[in-house]
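Here is the structure we will look at, set down as structure tokens.
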Amino acid sequence: MRLRSDIWVSAYLRRCGVEGASAVLRRRGAAEAGAIFVKVDHLNGRATLYGPAPQSVAVELKPGVERIFTRAHNGDSIDSGEAEQRLNREIAFDPDLWIVEVENGPPGAWLDLAP
């Protein structure tokens, strides 16, 4: 059984706080199974956007890990406006998704990442 999205997001926000990073919930999605996107704002006009890795990849690469993320773009970062456009497209496709924003978090932002 997979951990509910609302519980995972709550724990992630707490983790960011423990690490000394400012993180906020920008959009609340479906409590049980909404997809989660994490935007790391680098505070210089650039951002890194992480989204859910495909389930087929996640199960093969890291069995037993609750949620696996992947960078939602090529390169280390993109323009913040471009990240917002991508999030808007994702919302249009799936209105039940969650968005968490982290200010100036480290690479990977404490997420389990697919290689």
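The values are calculated or read from the model by the stated rules, or taken from the named source; none is laboratory data. All values reported here derive from a predicted model rather than from experimental measurement. Backbone-built Cβ (ideal geometry, glycine too); neighbour counts: all protein chains shown.
Close contacts from the stretch 104-115, counting a first residue that is under 8 Å from Ile68 (Cβ atoms) and a second that is aromatic (Phe, Trp, Tyr) and surrounded by 15 or more Cβ atoms within 10 Å (Cβ to Cβ), with Cβ to Cβ under 9 Å and a gap of 6+ residues or different chains, come to Asp112/Phe69; Leu113/Tyr50; Leu113/Phe69; Ala114/Phe69.
Look through Gly108, Gly64, Gly75, Gly51 and report the one residue that is out of contact with any helix residue (DSSP H, G or I) (no Cβ under 6 Å at 6 or more places or on another chain) and modelled with pLDDT of 95 or more. Steps first, answer last, please.
Working: Gly108 fails: modelled with pLDDT of 95 or more; Gly64 fails: modelled with pLDDT of 95 or more; Gly75 fails: modelled with pLDDT of 95 or more.
None of the others qualify; the one that does is Gly51.
Within the stretch 16-38, the set of residues being at pLDDT 95 or above, more than 23 Å from Ala83 (Cα to Cα) and surrounded by 12 or more Cβ atoms within 10 Å (Cβ to Cβ) comprises Glu19 only.
Have a look at Asp96, Asp41 and point out the one that is surrounded by 17 or more Cβ atoms within 10 Å (Cβ to Cβ) and touching a residue at least 60 places away in the same chain (Cβ under 8 Å).
Details: Asp96 fails: surrounded by 17 or more Cβ atoms within 10 Å (Cβ to Cβ).
So the residue among Asp96, Asp41 that is surrounded by 17 or more Cβ atoms within 10 Å (Cβ to Cβ) and touching a residue at least 60 places away in the same chain (Cβ under 8 Å) is Asp41.
For residues that are out of contact with any Leu (no Cβ under 9 Å at 6 or more places or on another chain) and not aromatic (Phe, Trp, Tyr), scanning just the stretch 85-101, find the one that is farthest from Ser5 (Cα to Cα). So, considering only residues that are out of contact with any Leu (no Cβ under 9 Å at 6 or more places or on another chain) and not aromatic (Phe, Trp, Tyr), the one farthest from Ser5 (Cα to Cα) is Gln85.
Residues that are in contact with a strand residue (DSSP E or B) (Cβ under 7 Å, 6 or more places away or on another chain) and farther than 20 Å from Ser77 by Cα number at least 2 in the following strands (runs of 3 or more DSSP E) confined to the stretch 1-60: 23-27. Remark: pairs (first residue in the stretch 1-14, more than 14 Å from Ile99 (Cα to Cα) and at pLDDT below 95; second residue surrounded by 11 or more Cβ atoms within 10 Å (Cβ to Cβ) and β-branched (Val, Ile, Thr); Cβ separation under 9 Å; 6+ apart in sequence or on different chains) are absent. When restricted to residues that are more than 22 Å from Asn88 (Cβ to Cβ) and of a type in the set (A, V, I, L, M), the stretch 1-30 contains 7.
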